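These notes concern the structure reproduced below.
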Amino acid sequence: MTDPNLVYAYAVLRRTPEAAVAVADLRGVAGDPVHLLEPTDPASPLAFAVGPVPAADYDEAPLKAHLDDLDWLESTVRSHHAVVGALVACGTAVLPLRLATVYPDEDHARQALDTRRAYFLSLLDRLTGHVELGVKVYAAPDITPPEPDTGTGQATPTGLGVGVGRAYLAIRRRRERRNEEAWRTVAQAAAHVTRTAGTLAVDRVAHTPQRGSLAGPAPGTNLGNDAYLVPADRVDAFRSGVLAAAEGIPGLRVEVTGPWAPYSFALQPEPVPGPSSSLL
């Protein structure tokens, strides 16, 4: 009889007493206990933090269908991050895996640990003692990107006399110039913030600036949306240094978030034989 459950992998970590303690009371995305899955090679120091999930939800077809179910997706993201966050909080070096990294069974998961051993170890060595911090840079709502010059010129508004029309265009151009100057100042300041953050971090990943509802509740244009890999003992220095770089710049707002598990710096494992899926 085929096992109705699949194996959901949350993270790669070293097999240590601390890791065993960290997973002891954790529950995964399906509410089942999380445990350490050891590789086939007993000499390997690695393990997966895994838990069972129903194929009815996490097999390839239903998993794709769940992309349209925002409530399900939000719940899964929160549960996934809660497991990874608990592992990080226990002081365990963690290589977080992408949401819904699923293997058909434990044998396939062990095969991934065996075949990717050197790769996982190199990443763990690099990430040990580091966390991820996010830096988002915003321009104030009244400062907008300059409109592209179409080369068509400006027509006098219909229904206005020539003198009034010229005055209208002069006012409009003056406002555009003020906006362009403000935008240029904010953009230069944002670049300075990025350079400063780079000197305080080990690495940087530039994510796409967010637009619309993804940019969050605060108004304004998101100019920068970056992740930085920072030594855990330098978090406060990073935060204060980045905020100081933005201080006193009119129309500029900077948010520093975290620390988080270093998702942006944990490259994903290559596919292994047999069905395996990843949602995001």
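See the values below:
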read-out: Conditions (1) open to solvent by 20 Å² or more (accessible area, probe 1.4 Å); (2) under 26 Å from the mean Cα position of the chain (by Cα); number of the one not met by Gly51; value: (1)
read-out: Given (1) open to solvent by less than 30 Å² (accessible area, probe 1.4 Å); (2) in contact with a Leu (Cβ under 8 Å, 6 or more places away or on another chain); (3) not aromatic (Phe, Trp, Tyr), number of the condition Asp105 does not satisfy; value: (1)
read-out: Selection count where residues are modelled with pLDDT under 90 and of a type in the set (A, V, I, L, M, F, W, C), scope the stretch 135-149; value: 3
read-out: Residue satisfying condition, being in contact with a Gly (Cβ under 9 Å, 6 or more places away or on another chain) and of a type in the set (S, T, N, Q), within set Ser79, Ser75, Ser44, Ser122; value: Ser79
read-out: Set Glu106, Glu132: member being modelled with pLDDT of 90 or more and under 27 Å from the mean Cα position of the chain (by Cα); value: Glu132
read-out: In the stretch 251-269, residue modelled with the highest pLDDT [restricted to those that are aliphatic (A, V, I, L, M) and open to solvent by less than 70 Å² (accessible area, probe 1.4 Å)]; value: Val256
read-out: Residue list for the stretch 206-244, restricted to those being at pLDDT 95 or above, assigned to a helix (DSSP H, G or I) and in contact with a Lys or Arg (Cβ under 9 Å, 6 or more places away or on another chain); value: none
read-out: Single residue of the stretch 219-250 satisfying the filter (touching a strand residue (DSSP E or B) at 6+ places or on another chain (Cβ under 6 Å) and farther than 14 Å from Ala197 by Cα) that is surrounded by the fewest Cβ atoms within 10 Å (Cβ to Cβ); value: Ala232
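The values are calculated or read from the model by the stated rules, or taken from the named source; none is laboratory data. All values derive from a computational prediction rather than experimental measurement. All Cβ positions, glycine included, derive from the backbone under ideal geometry; neighbour counts span all protein chains shown. The area values use the complete protein model at the heavy-atom level, side chains included, leaving out ligands, DNA and RNA. Shrake-Rupley method; radii C 1.70, N 1.55, O 1.52, S 1.80 Å.
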